[in-house]
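Asks: Following this message is one structure expressed as structure tokens.
The values are calculated or read from the model by the stated rules, or taken from the named source; none is laboratory data. All figures in this text were calculated on a predicted structure; none of them were measured in a lab. Neighbour counts run over all protein chains shown; Cβ positions are idealised from the backbone, glycine included. Side chains included, ligands, DNA and RNA excluded: accessible areas come from the protein's heavy atoms. Shrake-Rupley method; radii C 1.70, N 1.55, O 1.52, S 1.80 Å.
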Amino acid sequence: MIYLDNAATTIDKDESVARAVYNAINSKSFGNPSRGAYKVSLDALDLLMQTRKKVGSYFGMDNPLNVVLCQNITFALNFVINSLFDKNDHIITSLSEHNSVLRPLYSLVKDGMEISFIDIKDDFSLDLEEIENLVKKNTKALIITGASNISGVLTDLDRTYEICKKNDLKLIIDGAQVAGYVPFDIKKYDNSIFLFTGHKGLHAPQGTGGFIVNGDFNFRQVFSGGSGFDSFSKTQPHILPDLFEPGTANVHSFSGLKAAVEFLEKSPHKNINELTKILYDGLKDIQGIKFYSNINLNHVPIISFNIKDIPANYIAMKLWDDYEICVRAGSHCAPLFHEKMGTKKQGIVRMSLSFYNTKEEIEKTIDAVKNIAKEKS
């Protein structure tokens, strides 16, 4: 099997990650954090703190209490959006966003909130110059992807931040496709929130993610439950990270997240841009191919394309059935991107790489796509 769907989730994890999860479960070392004064409860609480420190340090945050851990970036985005904004606000976002951003915003629009969208340029980058033209008196924030999960093109976050700073906007970054692949330092961006997930570029277990807060935000309670302290209060403790971490934490998987970040610190992603270019160059001469990626811009390891009018799902099916190659086809949970590109019906084929992929796998994939294109010509 050749696995090229790493933008959805990575299946290759370092042995240290699996061992960390196994040991956390099997060693009888971790109880319920913040629920007891005995060793295994305190050890679980300490593990979560060490995970916050490790994740925070990796993304430039010195205060571990500003690192909120939850089960994935979708939950993190819902927490942040529903905690910060209401019907009187205006939010700017982009046509490249994932439904994890769009759907929480649409829910607030039903109550009267306004949204404006930054367009996608012909080179698949976002038209950041539109931001200032969209700002209103009640504009609160810009919510933007760090990299498109279809084109793979990186957002110029330095430029984005300068625009937000000039217009007194909060910057909220969907880092799903960035975390682990591209260095990120939140200290560069005041009044910002960076959201991440563990199961993609960080090569951590599924069921891990969260967000990092840099600045002062007036968060509201979104979800509530047990906290292990202040039990007589009728509301969730209004401090980070407890406000967004009700109930029992996924200690075992967060142990794996910590190990994954430790591994990346020692062995960062290598040669992925080289492999991505080999893939692009190998496909570009196929008659009728249309790319939705641009390797001439800063990008993450994603190549997306269509061939003539062949349905994207057909190409993905043939790649699996005939060659055991795993890719993603369809809408990729980014509907506005497809409406912009006119691919709502056809879909798009997406190949996303990991540093576990090899040149041999990429060459086999190129040959497979060429064969499928010939069969349909």
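Asks: Could you figure out which of (1) among the aromatic types (Phe, Trp, Tyr); (2) in a loop (DSSP other than H, G, I, E, B); (3) free of Cβ contacts under 8 Å to residues at least 24 places away in the same chain isn't true of residue 124?
Replies: Only one criterion in (1) among the aromatic types (Phe, Trp, Tyr); (2) in a loop (DSSP other than H, G, I, E, B); (3) free of Cβ contacts under 8 Å to residues at least 24 places away in the same chain is unmet by residue 124, namely (3).
Asks: Just checking, which of 376, 370, 318 is among the basic types (Lys, Arg), more than 22 Å from residue 93 (Cα to Cα), more than 26 Å from the chain's Cα centre (by Cα) and at pLDDT below 95?
Replies: Values: 370 fails: at pLDDT below 95; 318 fails: at pLDDT below 95.
Among 376, 370, 318, only 376 is among the basic types (Lys, Arg), more than 22 Å from residue 93 (Cα to Cα), more than 26 Å from the chain's Cα centre (by Cα) and at pLDDT below 95.
Asks: Mind checking which residues of region 73-101 are part of a loop (DSSP other than H, G, I, E, B) and crowded, with 20+ Cβ neighbours inside 10 Å? Please lay out each step first, then the result.
Replies: Within region 73-101, the subset part of a loop (DSSP other than H, G, I, E, B) is 85-89, 95-98.
Across region 73-101, the qualifying residues are 85, 95, 96, 97, 98.
Asks: Hey, another quick one. Return the residue satisfying two criteria in turn: it lies in region 131-167 and is within 25 Å of residue 73 (Cα to Cα) and part of a loop (DSSP other than H, G, I, E, B), and of such residues it is farthest from the chain's Cα centre (by Cα).
Replies: So, considering only residues that are within 25 Å of residue 73 (Cα to Cα) and part of a loop (DSSP other than H, G, I, E, B), the one farthest from the chain's Cα centre (by Cα) is 156.
Asks: Would you check if residue 69 is under 26 Å from the mean Cα position of the chain (by Cα), open to solvent by less than 20 Å² (accessible area, probe 1.4 Å) and of a type in the set (A, V, I, L, M, F, W, C)? Let's see the steps before the verdict.
Replies: Values: under 26 Å from the mean Cα position of the chain (by Cα): yes; open to solvent by less than 20 Å² (accessible area, probe 1.4 Å): yes; of a type in the set (A, V, I, L, M, F, W, C): yes.
Here the answer is yes, as residue 69 does meet what is asked.
Matching residues to (1) assigned to a strand (DSSP E or B); (2) closer than 19 Å to residue 75 by Cα; (3) modelled with pLDDT of 95 or more:
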site: 190; (1), (2), (3): no, no, yes
site: 195; (1), (2), (3): yes, yes, yes
site: 199; (1), (2), (3): no, yes, yes
site: 203; (1), (2), (3): no, yes, yes
site: 207; (1), (2), (3): no, yes, yes
site: 210; (1), (2), (3): yes, yes, yes
site: 213; (1), (2), (3): yes, yes, yes
site: 217; (1), (2), (3): no, yes, yes
site: 220; (1), (2), (3): no, yes, yes
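Asks: Okay, next question. Looking at residue 341 and the list (1) surrounded by fewer than 19 Cβ atoms within 10 Å (Cβ to Cβ); (2) under 23 Å from residue 119 (Cβ atoms); (3) among the hydrophobic types (A, V, I, L, M, F, W, C), which single condition is not satisfied?
Replies: So residue 341 meets the others, but not (1).
Asks: To continue, here is another question. Just checking, does region 118-137 include any residue being out of contact with any strand residue (DSSP E or B) (no Cβ under 9 Å at 6 or more places or on another chain), of a type in the set (Lys, Arg) and under 26 Å from residue 8 (Cα atoms)?
Replies: yes
Asks: I'd like to know if region 8-24 contains one or more residues that are without any contact (Cβ under 8 Å) to a residue 24 or more places away in the chain, at positive phi and not in a helix (DSSP H, G or I).
Replies: Let us first name the residues in region 8-24 that are without any contact (Cβ under 8 Å) to a residue 24 or more places away in the chain, namely 11, 15, 22.
Imposing the further condition that a residue be at positive phi reduces the set to none.
No; the residues of region 8-24 include none that is without any contact (Cβ under 8 Å) to a residue 24 or more places away in the chain, at positive phi and not in a helix (DSSP H, G or I).
Asks: Another question, then. I'd like to check something: does region 48-60 contain any residue that is under 29 Å from residue 302 (Cα atoms), open to solvent by 20 Å² or more (accessible area, probe 1.4 Å), in contact (Cβ under 8 Å) with a residue 24 or more places away in the chain and hydroxyl-bearing (Ser, Thr, Tyr)?
Replies: yes
Asks: Still on this structure, please answer the following. Any residue that is closer than 24 Å to residue 110 by Cβ, without any contact (Cβ under 8 Å) to a residue 40 or more places away in the chain and charged (D, E, K, R) - is there at least one of those in region 73-88?
Replies: yes
Asks: Run down 124, 211 and say which single residue is under 20 Å from the mean Cα position of the chain (by Cα) and either open to solvent by less than 10 Å² (accessible area, probe 1.4 Å) or under 21 Å from residue 354 (Cβ atoms) (or both). Break it down into steps so the answer makes sense when it comes.
Replies: Numbers: 124 fails: either open to solvent by less than 10 Å² (accessible area, probe 1.4 Å) or under 21 Å from residue 354 (Cβ atoms) (or both).
Step by step, each of 124, 211 is checked, and only 211 is under 20 Å from the mean Cα position of the chain (by Cα) and either open to solvent by less than 10 Å² (accessible area, probe 1.4 Å) or under 21 Å from residue 354 (Cβ atoms) (or both).
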